[in-house]
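Take a look at the structure set out below.
The values are calculated or read from the model by the stated rules, or taken from the named source; none is laboratory data. In this text, all values refer to a predicted model and were calculated from it rather than measured experimentally. Virtual Cβ from ideal backbone geometry, glycine too; neighbours counted across all protein chains shown.
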Amino acid sequence: MNLQLENQLALVSASTKGIGFAIARSLAREGARVIINGRTAASVDEATARIQSEVPAAKLEKFPGDLANAADAQKLFAAFPQVDILVNNLGIFDPKSFAEITDAEWQRFFDVNVLSGVRLSRLYFDGMLQRNRGRIVFISSESGIQIPAEMIHYGMTKTAQIAVSRGLAELTVGTAVTVNSVLPGPTRSEGVEEFVGKLSGGKPFAEFEKEFFEKVRPTSLIKRFESVDEIASVVTFVCSPLASGLNGAAIRAEGGLLKGAF
């Protein structure tokens with residue numbers, strides 16, 4: 001299927017590894033020109049080289065910088081004053097008992113997971129409306145609906161992303177701009193493997209995965225961690241002109257983990 005993304009300029013925040021990297025690579029495969037972002041020049045160079053080796057025709061740009069930081073976001077906007085696609089992927093997570101989450105951590109999670117996407121959307125949204133084209137996608141989570149007891153602060157930020165996404169979509173009425181959120185389920189990225197290490201007590205991944213979906217996420221229908229490419233495929237479609245009928249949606253890509261028609 002041709003997703004009609006040739007030469008569209010796409011920014012994927014935090015795209016040097018994990019889901020963000022997979023989305024950037026998928027968009028590049030579809031012919032989009034993709035801005036690769038990470039906190040350091042070394043990480044951006046490495047990710048760019050990886051994509052270029054797998055997708056020789058990839059059209060890639062680089063922006064090293066912490067997009068949770070307002071000054072770096074402004075530098076990005078100065079370097080790339082308009083984009084056709086914005087994927088707000090930047091995020092952090094950490095399993096922690098509610099009683100141990102400090103005020104500072106609550107604020108940090110909000111700043112990184114929510115405000116970074118709000119800020120980037122504010123920078124690019126009006127230009128999309130003026131050009132009457134554009135896609136904004138927030139990478140939320142099933143945790144935004146089914147808040148995990150082991151990281152309530154993370155779940156809070158994912159709920160907030162769904163709310164911001166829907167609110168922005170309300171401002172696109174009658175235009176060809178869309179704003180959606182995508183809700184992955186547990187996904188096997190580098191960060192999740194570190195998360196598994198914290199929770200598993202050193203068990204082999206396969207053993208932990210079986211136990212996790214029996215006890216911690218028992219409603220999953222696929223009973224496994226998703227791959228980053230499975231999520232990237234959904235996001236790439238949502239970014240395409242073919243998805244013009246999707247707007248203001250919280251798109252579930254969580255392996256059937258969520259029960260109910262929402």
Cβ pairs under 7 Å, 6+ apart or interchain, first in the range 212-229 and closer than 11 Å to PRO186 by Cβ, second in a helix (DSSP H, G or I) and of a type in the set (D, E, K, R), ordered by first then second residue, are ARG224/GLU209; PHE225/GLU209
So, restricting to strands (runs of 3 or more DSSP E) that lie completely within the range 1-103, which ones have at least 1 residues that are in contact with a helix residue (DSSP H, G or I) (Cβ under 6 Å, 6 or more places away or on another chain) and among the basic types (Lys, Arg)? 59-64
Of all residues in the range 56-101, which are under 30 Å from GLY155 (Cβ atoms), aliphatic (A, V, I, L, M) and surrounded by 15 or more Cβ atoms within 10 Å (Cβ to Cβ)? LEU67, ALA68, ALA73, LEU76, VAL83, ILE85, LEU86, VAL87, LEU90, ILE92, ILE101
Within the range 151-175, how many residues turn out to be at negative phi, part of a loop (DSSP other than H, G, I, E, B) and surrounded by fewer than 17 Cβ atoms within 10 Å (Cβ to Cβ)? 3
Within the range 104-133, take every residue that is under 15 Å from VAL83 (Cα atoms) and small (Gly, Ala, Ser) and give me the one that is surrounded by the most Cβ atoms within 10 Å (Cβ to Cβ). GLY117
Contacts under 7 angstrom Cβ, first residue in the range 33-51 being over 15 Å from ILE23 (Cα atoms), partner of a type in the set (Asp, Glu) and modelled with pLDDT of 95 or more, 6 or more apart: ARG39/ASP66
Taking the conditions exactly as written (among the aromatic types (Phe, Trp, Tyr), within 30 Å of ASN7 (Cβ to Cβ) and at pLDDT 90 or above), does PHE225 satisfy them or not? no
Go through the range 116-136 and give me each residue that's touching a Ser or Thr at 6+ places or on another chain (Cβ under 7 Å) and either of a type in the set (Phe, Trp, Tyr) or not in a helix (DSSP H, G or I) (or both). ASN132, ARG135, ILE136
Which residue, of ILE147, ILE139, is closer than 21 Å to VAL196 by Cα and surrounded by fewer than 20 Cβ atoms within 10 Å (Cβ to Cβ)? ILE147
